[in-house]
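Beneath this line is the structure, given in structure tokens, with notes to follow.
The values are calculated or read from the model by the stated rules, or taken from the named source; none is laboratory data. The structure displayed is predicted, hence computed values, not measured ones. Cβ coordinates were reconstructed from backbone atoms using ideal geometry, including for glycine residues, and neighbour counts include every protein chain displayed.
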Amino acid sequence: MEIFTFRSQKVAYYYFAASVLLFFLQIIFGLASVAQYVWPDFALNWMPFNVSRSIHINLLIFWMFLAIMGATYYVLVEEAGRELYSRKIAMIQLIVFCAAGVGAIISYFFHYYDGQGLEYVEAAPVFDWMVVVAGLLWIYNLIKTLHKAPKKSPINTLLLITTIAAILMYLPGMPYLRNFVVQDYLRWWVIHYWVEATWEMYETLFIGYLIIKLFNIPKERMYRWFYIEFFLILASGILGMGHHYFWIGTPHYWTWVGSIFSVFEAIPPVAMMIDGLIYARKTKIKVKNLPALYWLIGGTIGSFIGLTILGGSQTWFSVNYWMHGTEVTAAHGHMAFFGAFAAILIAFIYYSVERRKGEENFKDTITDKHRWAWAFWLMNIGMVMMVLAMEVVGIMQISISRVMGQGYIAAQIHQIEWFAVWFVTGIVFFAGTVFYVWDFIVAMKEKSA
Ligand code: HEM
Ligand code: HEM
Ligand SMILES: [Fe+2]
């Protein structure tokens, strides 16, 4: 049976393979980072905390972007009804982007940063430029493929707009400015307009695409959610930036703007999942690809908890005054990144690896081994437990340092046991990652149909 209508869809798997590998490494560096809270001397001489932490969060951005790039190409050709303009450009883009990621990570071991240690965008200029080159190749390939494509699709139009915006929003983090206040102000454009604008649009598009595929739902029913999300991002995502402007010297009105907006933007992903499930129940559709379905449902629940509940609860400025920059923020950061992006991208990867064999063959491939279920439950339970540990650590930090006014280290002495809980629950998460990587390798080793 011919599964791939378009041969160029296969480039996506190279992106997914790179993404799975970097994800695995991200978790190892996460464990190393928390280990340094528990045993402060751990790897101190060759990998201090700032290095392990930078690598942990940089790998996060790189693996997610690789998966996004792969998924974009996968969806693009199918929706456009034609082969990719150039597979070669797609492969060069992959190599340049991976070289930027790996180069940046190695450079941190030699303390080669952008000069100001800007969290999330701390890579030195040479790597920034490589990211931009990869981004431009990506945009070029998308535009050329869509030009004169036989089919027009709102998914593709939105994918193109989102990609252009995502690459544009990388630029404000690049220049070196002597005034740190202005520099930090611009750094937030990258972070907030990535996660709460462009990446959130990708999230919505991929959830919608998967629901259409898994539930056989009429496309138009999902399209309307895309437009609602697009509108919400323009309205609430853009103004929601205010929640990062509270304490960095910006005008006072941002406290109100930042407190009020943002909370609504995570509604469409959850709503479209519910809509899909209602449809599936009514039409009695049995979804065959269980890993993709589980990760989709898990991701939308995680998204709701991570964004609307944990994000929403710290976005009010008088609450933020107390918890700003504590581990309560890290709890929100983990749950949001995991639910909104990691889970949805993993769902996409499971969907696409199963498609290689044809969904009819689904039972013969990876699911019958239950590895996917181990991966799913260990990662999800591990993440929820880690987030709870982070909340405890964060609340201790608030009460000891912020309320009682004792120093940062005074709080740490009490926090150590809870950092240990974070470490142990991190091992649970790590075990799930091993099953996921194993699943991916097994699935890719099998010949595609
Ligand atoms: C997928 C979407 C989101 C992701 C991945 C995400 C991730 C993050 C991360 C990693 C940080 C820490 C940044 C840093 O300190 O350098 C952060 C901060 C913050 N986020 Fe989100 N976020 C998302 C959506 C939201 C939403 C929807 C809200 C509000 C409803 C929100 C409210 C906040 C606030 C108030 C802060 C600042 C916390 C502080 O002052 O320390 N976030 N977010
Ligand atoms: C075994 C699993 C993991 C462990 C042990 C771990 C550990 C850590 C540690 C220790 C930090 C630094 C916190 C600090 O600055 O005080 C951190 C930061 C971060 N990690 Fe993880 N992590 C893990 C998995 C993940 C996953 C799966 C994601 C996303 C999907 C993630 C996203 C982040 C983010 C966004 C930050 C920065 C948070 C902020 O800016 O406040 N981590 N992680
Ligand atoms: Fe934000």
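Conditions (1) among the basic types (Lys, Arg); (2) at pLDDT 90 or above; (3) under 30 Å from Lys447 (Cα atoms); (4) more than 16 Å from ligand 3 (Cβ to nearest atom), marked per residue:
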{"site": "Ile344", "(1), (2), (3), (4)": "no, yes, yes, yes"}
{"site": "Arg356", "(1), (2), (3), (4)": "yes, no, yes, yes"}
{"site": "Met379", "(1), (2), (3), (4)": "no, yes, yes, yes"}
{"site": "Ser399", "(1), (2), (3), (4)": "no, yes, no, yes"}
{"site": "Val403", "(1), (2), (3), (4)": "no, yes, no, yes"}
{"site": "Ile409", "(1), (2), (3), (4)": "no, yes, no, yes"}
{"site": "Ile416", "(1), (2), (3), (4)": "no, yes, no, yes"}
{"site": "Trp422", "(1), (2), (3), (4)": "no, yes, no, yes"}
{"site": "Thr425", "(1), (2), (3), (4)": "no, yes, no, yes"}
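Every residue, every condition in (1) buried (at least 24 other Cβ atoms within 10 Å of the Cβ); (2) within 20 Å of the chain's Cα centre (by Cα); (3) closer than 25 Å to Ile155 by Cα; (4) among the aliphatic types (A, V, I, L, M), yes or no:
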{"site": "Met69", "(1), (2), (3), (4)": "yes, yes, yes, yes"}
{"site": "Glu83", "(1), (2), (3), (4)": "no, no, yes, no"}
{"site": "Ala100", "(1), (2), (3), (4)": "no, yes, no, yes"}
{"site": "Ile105", "(1), (2), (3), (4)": "no, yes, no, yes"}
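Test Glu122 against the stated conditions and say whether it is crowded, with 21+ Cβ neighbours inside 10 Å and modelled with pLDDT under 95.
yes
Just a yes or no: is a residue in segment 400-411 surrounded by 14 or more Cβ atoms within 10 Å (Cβ to Cβ) and within 14 Å of ligand 2 (Cβ to nearest atom)? Within segment 400-411, one or more residues are surrounded by 14 or more Cβ atoms within 10 Å (Cβ to Cβ) and within 14 Å of ligand 2 (Cβ to nearest atom). Pairing each residue of segment 108-125 that is over 16 Å from Val190 (Cβ atoms) with any residue that is outside any loop (DSSP other than H, G, I, E, B) and within 16 Å of ligand 1 (Cβ to nearest atom), provided the two are 6+ apart or on different chains, yields C-beta distances under 8 Å for Tyr108/Ser54; Tyr108/Ile55; Tyr108/Asn58. Scanning segment 284-302 for residues that are modelled with pLDDT of 95 or more and either in contact with a His (Cβ under 9 Å, 6 or more places away or on another chain) or more than 16 Å from Tyr209 (Cα to Cα) (or both), we see that the one that is farthest from ligand 3 (Cβ to nearest atom) is Gly298. For Thr300, are the conditions met, namely being assigned to a helix (DSSP H, G or I), of a type in the set (Ser, Thr, Tyr) and more than 10 Å from ligand 1 (Cβ to nearest atom)? Judged against the criteria, Thr300 is a match. Determine whether segment 64-80 contains at least one residue that is within 16 Å of ligand 1 (Cβ to nearest atom) and either of a type in the set (D, E, K, R) or farther than 17 Å from Ile139 by Cβ (or both). The answer is yes, given that some residue of segment 64-80 is within 16 Å of ligand 1 (Cβ to nearest atom) and either of a type in the set (D, E, K, R) or farther than 17 Å from Ile139 by Cβ (or both).
Ala197 meets each of the listed conditions (1) within 14 Å of ligand 3 (Cβ to nearest atom); (2) over 22 Å from Phe348 (Cα atoms); (3) in a helix (DSSP H, G or I); (4) touching a residue at least 24 places away in the same chain (Cβ under 8 Å) apart from (2). Find the residue count for segment 366-423, including only residues that are of a type in the set (A, V, I, L, M), within 30 Å of Phe348 (Cβ to Cβ) and in a helix (DSSP H, G or I). Number of matching residues: 13. Scanning segment 161-193 for residues that are away from ligand 1 (no atom under 16 Å from the Cβ) and at pLDDT below 95 gives Met174, Pro175, Tyr176, Leu177, Arg178, Asn179, Val182.
If the condition is being near ligand 1 (Cβ under 8 Å from one of its atoms), part of a helix (DSSP H, G or I) and among the small types (Gly, Ala, Ser), then segment 238-281 contributes Gly240, Gly258. For the residues Leu234, Leu158, Leu205, the requirement of being closer than 24 Å to Ile267 by Cβ, buried (at least 16 other Cβ atoms within 10 Å of the Cβ) and within 16 Å of ligand 1 (Cβ to nearest atom) singles out Leu205.
Look at Val270 and say whether it is at pLDDT below 95, within 19 Å of Leu296 (Cβ to Cβ) and surrounded by fewer than 22 Cβ atoms within 10 Å (Cβ to Cβ).
yes
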